Structures are given as structure tokens and as C-alpha cells.
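Below you'll find the structure, written out as C-alpha cells, and then a few comments.
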Amino acid sequence: MNKLLEGQLAKYFNGNLPGDLAQLFSEISNTYDHYEKKHKILERTAEISENELSALNNRLLKESNELTVVNSRLKNLFESIDSAFFSIDFNTNCLLQVSPGWKKIYGSDTSDFYVNPNLWKEVVVEDDKHVLDEYEACVLKGQLFACEYRIISADGKTRWVETKLTPTFDGKNLRIDGFTTDISIRKEITKRIEESETRFRRLIENSYDGIALLDKSRKLIYVSNSVKRILGYTSADMGNNNLFDYIHAEDAENVSAILDSISKQAGSTTELVCRTKNKDGEWRWINSYVTNMLHENGIGAIVFNFKDISLKVEMQTALEFDRKNRDALINSTKDLMWSIDDRMCLVTANDAFINAVKSSGGISVKPGDHLLDHNFFPPRVVDKWKKRYEKVLKGKAFIVEEYSASPVEAWAEISFNPMIENGRIIGASCFSHDITEKKKVSEYVLKSEQMMAEAQRISHMGSWECRFNKAEKVDNNSMQWSDEIFRIYGYNPGQLKVSYKNFFNLVHHEDLYRVKSTLQDAFRYKKPCVMEYRIIRPDKVERWIRTTADMICDLQTGKLTKMIGTAHDITERKQLEEERQKITNDLIQRNKDLEQFAYIISHNLRAPVANILGLSSLIEKKNLAKEVKEECFKGLTKSTRLLDQIIMDLNHILQVKRQISERKTQIKFRTIVHNITQSIASIIEKEQVIINTDFSEVSEIYTVKDYLYSIFYNLISNSIKYRQHGVKPVISISTKKSDDNHVFITFKDNSQGIDMEKYGDKVFGLYKRFHLDVEGKGIGLFMVKTQVESLGGNISIASEVNKGTEITIKLLKNVIQYKEHNVTNTTHYNHR
Amino acid sequence: MLRIQRIIIIDDDPLNNFIITQNIRHSDPSLEIVPFTLAQEALAYIAKLGAQAEHNVLLLDLNLLNYSGWTLLEELEQFPWINKNFHIYIISSSLAPQDFEMAEANKLVKRYIAKPFTHKEWSNIKLDIAASKQL
């Protein structure tokens, strides 16, 4: 019986009896074994002895008592067990016995069951009744039948029970032993676990994050549906694959280490970021929370809860890059950048600012420091900056230029900008840019421009430029003049509209063609050119201008792009040049004169000397005839006198040449002619000379009176002296104005004339005589020429044999006017 | 034997003609001396002499009235015989070097003689002519 119970109980407990129950059965078993052993011994030794029998009887009694105790303990157990134990005779359907546990499960008395042996089946809830369908067929085969179902107990409660039915056939009757246990609690727990698992599944299936489960061998045993969205894989794609098939090689080591680490401690969680290959083969940045749930029932895995953070990583990388870039940018410049809050405390600054403050004030400022609240800077500096900060913190954006003389001369341009947030000034950003170079350059440019202007003003040299269009034609309106050019042309700067065409309007018409063709050549050959031309200024003064032009060509196309040049007033130089040319000519003439003078001396002066020497040597000769001797003495006297005369003439001539600085007066031509006709009145009367004068155009001249008289006298007397035989001398004297402040005086007569072809170059020579029948020394025309030239004039002659001679003298008419001209010039220059 | 037929002097200064004449007469009283003061007259005379009149000496002054000795020499070149029949000497008071040079360059001129003309000059002329292979 105890074996049966033990077997039933063992079945109930799935083969493992709880400890106390096992012990109980063991005791029972031992007691039975002991009893049976004793009993067999007793049977064998019954006949041994009475004493022994008595002793044995006592022992048996004792052992019987022990067995009773065991039986009672077993009965207690049977009656105290919570499960219901019952036995039914299958054939008669009669309840053989039922344990008191019945009432605990079914709520009714055991007597009710005895009355109705089908009661255990009748209380089964309708829905579960089908589980018993197989029961009879099963037990009839001698098999154990177990089932779980709900019953409604007598107190009306529904409870889950498990019933195990064991058939025992003793050859005659089929007995069914039933054992029903209340499994409501177990069912409840199982239900809860199932619900919990369902919820968990539902949770991870619907989770936005991807979830993957990894077993100990790092195989993916489960992936959630959301993985498809994140990485493109279905669970079929990944199932049973190794996690590391998907991890970036560079991250594998780290991932492996993390897995090792968390595997050691159940329930630990760690965050993991790694690159994971998606279905398209791209690497995605995956952030996972990895939890060791290997120990958890129903999970038994390492759980990955992950999401794609590639965008975030990229953005972070970009942000980081930006930040580094920005740092690099703001720190790579020498410009100072900083910002302050509304209390003038530093918010941010670049290295340049920090360094600048350090080098000037000796302090290292850091964000949060007040920039002015210390004694590192002189009060003047602090004051200045305080005002600036106050100004910008009032919302005013502005720029200041700061100059510092030491340690090196430097300029900075500092801009202040208020920072406004929600309509409130929260601070200011400041930017200081070193403009020393710019300043120096612009100062240099300004200075050099001033110097240039000054240089142009001083040198009276202006500059100009002009552009060409694409067709290499001068762009008319592109011409630009420096201020000095305006002054050179007699205008105030900007007074005249400057253009290429207007330029030509300013050039003297006589020089225009030359200037234009020079420029055309310069354009054609792309070579620089120089033009010297006259202009008439607005004040009617004629000036000489020298203009240079350089042609600038495009390096690539070789086409003319612009021309630049200078203009220079060269009037003074031109005048000097003319004067120099005149002086040179004069000197050449003078030299010729001197040569001629030397020649004259060698001929004319030596002639009488040679005669004297010749005569003297004759006289010295012996036996010279008396009349020859006398002739010799006469010759000596004549030669000596001639010598004296020549010396006197030369003296006279030399005096004329010296008298250049003779005082000049205003002389009327009429008066001169009148005086001469008075002095030679007898000859005029004798030869019936007719003198016609016309001084209507120019009546007087400012010159040396003696020279003018001598000129007129010589020319009039020559006309009379070389008159044609039998023809009354007619002399016409007239004056004519020249366009350059000179006067032409013309003497025209009807004298014998000179063969100009033969003697043209000699008519004004000293001691040249052309008429053998008329007495003369050949000094008259030489003297006239000398005197005319002394007055700065010139003389020319036209003559024809037997027709007459016309002598024209050109003299400067009015020296006063020339002086006035100079005065004008001087005044002009003072204006500059 | 002195091969001189006649001596022609052209000088606008009569006094010079006198001095030359007297110097020649003093040593060679028989020689024919023909003095001229006007170039035109002298030119006419020489032309008249013609190609037949050989052994002539011409003493020519450069500074003539209304005429230059050089011009006269140019006129004389028209006579083809002039070089053959005439020994021409320039007699001038000029000491100007260019006159010397011009005389040296002229084919007709034998020598330039600076005034005053003395007997020594006359002796030199005679020696010149004696040594000359001309004539």
C-alpha cells in the first residue's frame, strides 16, 4: 500500500518526491522491510525456544506497535494531503475510497462522492468536459490518463485541477485510482507568464527601435520587424547568421570586447556604437543598448536594442568639422575677434585677441572675465574702451579706427556690433582688423599722388591718358587730364570738357596736320611719339607744348588698349632754342666776319705795308735813277697815308660793332631822310635827284639814331653815286609792317645795278668795289650791313644791271612791346 | 741764255707795278715789261698775243678791282697754249694760308710770292725758268 502511494505521489511530482515526503516513504519502506525480515526470522526460529519465543514475541509486539505508529502517520499523511485521492471500481462504478483532500478541492463532503461516484466528472465545466472523452478508452488499455480541466466546486468557485487516473487490474476487477490536484495557482502563473511573453513579443515586434537577440554563440536568433526598416533585412535574411557578418571590421574588436564584458554579468547593459552593413551594402552607424538577458526565462539571449544614428553621426561629424574649421578660421587670422556680454565680460575670443590682450596688458583673459575691470591698462585706455562698449551695448553698430605709435606704428579698424536676442541687447561682437598695410599703402599713394601733383605743378608737366576701343580707335570721351595739363592749356582744372577731339581744337592750326600724322604713325607702328606744337591759350598767348604719347598694348592680343603721356610747356625752352639758334647763327656770321676781317687785314692792310717794304728796299739800291728815287718817296708817302686811312676805317668799323649797346630812341623815318637831304643838298640839286618816301604804314622806329642815319646816308649816297649816266636818279624809300613786330624798309633806285650772279656774295664785303668809273673805297655797303646786324636786323639786295637796285632792311620795330610780352609771361608764372 | 720774252704784271695798285718793274729793270734792263691795273685789259692783251708768243712771265695779283686773280686764272684757261707759253706767278700782299693753298693747287700757277717783290724774288724766278724743262 505504501509502495502504491509512493508511486502515485511520485507520478504527481513528476518522479521527484519532495524531501519530507521521500523521507516519510523511506521510513515506511524500512519499517516494512524490517518487519518482514523479522517475521521471516521468526518463522524460521519458531521452534527454537520458548524463551526466545517470548523474547521474540515481545520484540514482535514492540515492532507491531512501531508499525501501528507508522500506519497512523501514513493515515495522517493521507488524510492531511491537499490533493484528493480516490479509487473507483470501474466495472461497478462504485467509489471504493476517497481522501479527505476531496473537500478541499471539490468543496463537497466525501459522503456526496460515495453517493454519486460520477460526481468528479459532473463538476467539470461544460467547456472542458471534452478532455475526459479519451479517459475510458485509455484506462481500458491500461494506460495512465492525465488531464487538466476546470471544475466548479461546491462553493461555486471555478478552479483548475489536474487529474491523473491510473488503472489497476487484479485479474478480476479494474480499479481506477484518481489523484486530483488543485493547479489553479500554477495555471495562473503559467497564464501570467504567457501573457507577459505575449506582451513582450508584441512590444518588441512593434518597437520603433530594432531588436535583435543573440545567443551565446553570437548567432542572431531573432530580429524584429523594424530591422527591415532600419537595415533592410527580414528576419529570414539574418536568422542564425553570426552578428559579426554585419559589423564593420574596424568596430568588430570593440563589439566583441563589449559582448565579452556584459556576458559575465547577468542583466548588465551597455551602450554600443558601431558601423553595420545594411542590405544595400552601405555602412550605417548603429547605436545599440546591449543587455545580457541570457539568464531570463523566455528570452535567454543578449538583447540588442538599436537604432540608426548615421545621420546624427554625419551631422555631428559635419558640426565638428565646422567647429574645427571655424576655430581654424578665427584663429588663423591676425584679426582680433571677440564678443562680450552686457556686463562687458568676455564671452568668446579667438587666439589673436587673447594674445593681443596678453601682450599689451600682460594678462590672460578667459571667457567670463571682465575686460575692463582691472588695473592692467592705463585709465585712458580703459575709458576709451568703456565708452565704446557702452555705445555698442546701447545698440549702436559702429566702426572706429585705432592708431598706435608703439611698439610699431599700426592702424586697426575695429567694428562693434550689438547682439540682440528677443529685442534685448545681450552683448556685442567686436572685430579688429589690422589695416596698417592698407593705411601705409593708401598714405603712400596719397603722398605720391600729392608729390606727383606737386612735381607736375613745379615742372609744369602734366599727364594724360586715353583708351582705345576694341577696334583700336580712340575712345573720344576716355581722355583724362591731370590738373597741371589744364593749367598748361590756360584753364583751371576741370574748366574745360576734355575729349580727344577737343584736344585737337586746342592745337594751333598750323601744327595740326603734323600732330595728327605723328599720332597716326604712332598708332600704326604702336611706338611712342613726341609732338611739339603751339597752342593759343584763352588769354590769346601762344605757347609751345611738348606732348609725349606711349602706346600700351594688350599682352595677349597685341591690340592697342590705351595711350598715356605727358604734356609740358616748352615755350621758354623754345624761345631759348630760337635765341640760341639766332646766337649760333650770329656767331657763325660773326666768325665769318672775323675771318673776312682777318683776310681783309692780310690783303688790304698788308698791301700798303708790302709797298712800303718794297719801296724801301728799292731806295737802298745803288745807282738808282733820281726820278725813280723820287717816285719811290712819293710812293712811300702814298702808301703810308693809305695805311693810315685803312686803320682809321677799321677803327670805325670796329667801333660800330662795339656800339651795340648804344642808347635807343624813338625816331621818325621822315626826320632822318630830311636831315640827309639837307646835308647833301648840293649834290641832290646838281644831279636832280628825286627822293620819294612812303612811311604811312610804319612812321617811326625805336632804335639807335646814329646807325639809322648812317644806313640811310650810305644807301642814298650809293644810289646817287652809282647812278646811270644821263638818267635822273629816282630813289623810293618805303616802310612796311611785318606780322612779327618788325618793319621792312625798302630802298629802290634806278642805278647801274650790280651783276648779282657774278658778285652776289660779295656786295656787302669790305673794300669791295664794282664800279671802276666811280671813286669809292668799297666800305659803304659793308658798314650798312654791319650796322643793320648790330640792331638785330638783316639786309637783302636785289639788283639788275642797268635797271636798278632794291635793298630791303628788316628791323625790329618796337622793343617796348617785346618787353611787355615778357612781363605778361612773368605775371602768368606768378599765378601758378 | 735767259728764255724770257716779256713780263706781264697785273695789279690794281700802280705803286706795286712800279716796284716790280724797278726791281726787274735793275738787273735786266732790256726785258719787255707790260704792267696792267685792270684785269680786263690784261686779258685782252694776252688773247691778242696768241699761241705764237712764247716765253712769257705773268705776275698776277689776287686782289684786283672788281675782279679776283682766281677769276682771271679761270679766264686764262680758255687758251690751250697758256700753260706752254706762260710762267704764271701769284704776287699778293695776302699772308692768308688759304691763298697759298689755292695757288699750290692751281695747275697754271708756278709759285705764290708774298709782297714785297724784291730782286731776290726775281732771281728765284729766273732760276726756276732756267731749271724748267718747259719751253
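No value in this document is a laboratory result; all are computed from the given coordinates. On a predicted model such as this, the values are computed, not experimentally measured, just so you know. No Cβ is skipped: glycine too gets one built from the backbone with ideal geometry, and neighbour counts run over all protein chains shown.
Numbers at a glance
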read-out: Chain B - share of DSSP beta bridges that are antiparallel (%, nearest 5); value: 10
read-out: Within 10 Å of each Cβ in A:365-376, the average number of Cβ atoms from other chains; value: 0
read-out: Cα-based Kirkwood hydrodynamic radius, segment A:242-347, one decimal, Å; value: 17.2
read-out: Listed residue (A:Asn305, A:Leu294, A:Met315) projecting farthest to the positive dipole end of segment A:268-333, Cβ model; value: A:Met315
read-out: Dipole magnitude (debye, nearest 20) for segment A:106-152, charges at Cβ of Lys, Arg, Asp, Glu; value: 160
read-out: q = 0.09, 0.14 Å⁻¹, chain B: log10 I(q)/I(0) [Debye, one scatterer per Cα]; value: -0.22, -0.57
read-out: Cα→Cβ-extended label distance, 7 Å offset, between A:Tyr702 and A:Tyr289, nm; value: 12.0
read-out: Between 0 and 90°, nearest 10: helix A:669-679 axis offset from chain A longest Cα axis; value: 20
read-out: Three-way shape label, segment A:118-178, alpha-carbon gyration tensor, a/c 1.5; value: prolate
read-out: Calculated SAXS-style log₁₀ I(q)/I(0) at q = 0.28 Å⁻¹ - segment A:322-382, Debye, Cα scatterers; value: -1.23
read-out: ³J(HN,Hα) computed for each position of segment A:174-180 - Karplus, 6.51 cos²θ - 1.76 cosθ + 1.60, integer Hz, glycine/proline x; value: 9, 9, 10, 9, x, 9, 10
read-out: Cα gyration tensor, segment A:530-578 - rounded (a/c under 1.5), prolate or oblate; value: prolate
read-out: Mean separation of Cα contacts under 8 Å, 6 or more apart, over the residue count of segment A:428-543: relative contact order %; value: 16
read-out: Calculated Rg and Dmax of segment A:56-102 using C-alpha coordinates, Å; value: 15.7, 45
read-out: Residue-wise HN-Hα coupling along segment B:52-62, computed from phi with Karplus coefficients 6.51, -1.76, 1.60 (Hz; x: Gly, Pro); value: 6, 6, 9, 6, 9, 10, 10, 9, 10, 7, 7
read-out: Mean Cα-pair separation over length for chain A, i.e. relative contact order, pairs under 8 Å, 6 or more apart, %; value: 4
read-out: Between helix A:310-332 and chain A: long-axis angle, C-alpha atoms, 0 to 90°, nearest 10; value: 30
read-out: Inter-site label distance for A:Thr665 and A:Lys358 at 7 Å from Cα along Cβ, in nm; value: 9.9
read-out: Segment A:230-291: translational diffusion in µm²/s, Stokes-Einstein, Kirkwood Rh over Cα pairs, 20 °C, 1.002 mPa s; value: 172
read-out: Spatial separation of Cα centroids for segment A:533-603 and segment A:294-341, in angstrom; value: 83
read-out: Spatial separation of Cα centroids for segment A:408-468 and segment A:670-702, in angstrom; value: 81
read-out: Estimated vicinal HN-Hα couplings, Hz - segment A:154-171 in sequence order (Karplus 6.51, -1.76, 1.60; Gly, Pro = x); value: 4, 7, x, 7, 9, 9, 7, 9, 10, 10, 10, 10, 10, x, 10, 10, 9, x
read-out: For segment A:304-432: relative contact order, % (alpha-carbon pairs under 8 angstrom, 6 or more apart); value: 22
read-out: Förster radius 51 Å - calculated FRET efficiency between A:Asn325 and A:Asp740, Cβ distance, rounded to 0.05; value: 0.05
read-out: For A:Val515, A:Val801, order by how many other beta-carbon atoms lie within 10 Å, fewest first; value: A:Val801, A:Val515
read-out: Cβ-placed point charges (K, R +1; D, E -1), dipole of segment A:153-301 about Cα centre in debye, nearest 20; value: 500
read-out: Dipole of segment A:70-210, positive end: most advanced residue of A:Asn71, A:Asn93, A:Trp120 [Cβ charges, Cα centre]; value: A:Asn71
read-out: FRET efficiency, 1/(1 + (r/R0)^6) with R0 60 Å, evaluated for A:Arg199 and A:Ile399 via beta carbons; value: 0.30
read-out: Global geometry of segment A:143-203, whether rounded, prolate or oblate, following the gyration tensor of its Cα atoms and the 1.5 cut on a/c; value: oblate
read-out: Residues of type lysines that A:Lys324 reaches as a straight line, Cα spacing below 25 Å, ignoring anything fewer than 8 places off in the same chain; value: A:Lys312, A:Lys334, A:Lys358, A:Lys366
read-out: Angle between chain A longest axis and helix A:571-600 axis [Cα atoms, degrees, rounded to 10]; value: 30
read-out: Built amide H within the under 5 Å cut-off of A:Ser99, gap 5+; value: A:Phe85, A:Phe86
read-out: Amide H contacts under 5 Å for B:His87, placed H, 5+ residues apart; value: B:Asn56, B:Val57, B:Leu58
read-out: Separation in nanometres of the label points that stand 7 Å from Cα toward Cβ, at A:Arg343 and A:Glu579; value: 8.5
read-out: Cα-based equivalent ellipsoid, segment A:406-521: semi-axes from gyration tensor eigenvalues, Å; value: 49, 20, 13
read-out: Nonlocal amide H pairs with A:Lys813, under 5 Å, H built at 1.01 Å; value: A:His742, A:Val743
read-out: Where the Cα pairs of the protein assembly as shown fall when distances are cut into 10 Å bins, in %; value: 2, 7, 8, 7, 7, 8, 6, 5, 5, 5, 4, 4, 4, 4, 4, 3, 2, 2, 3, 4, 3, 2, 1, 0, 0
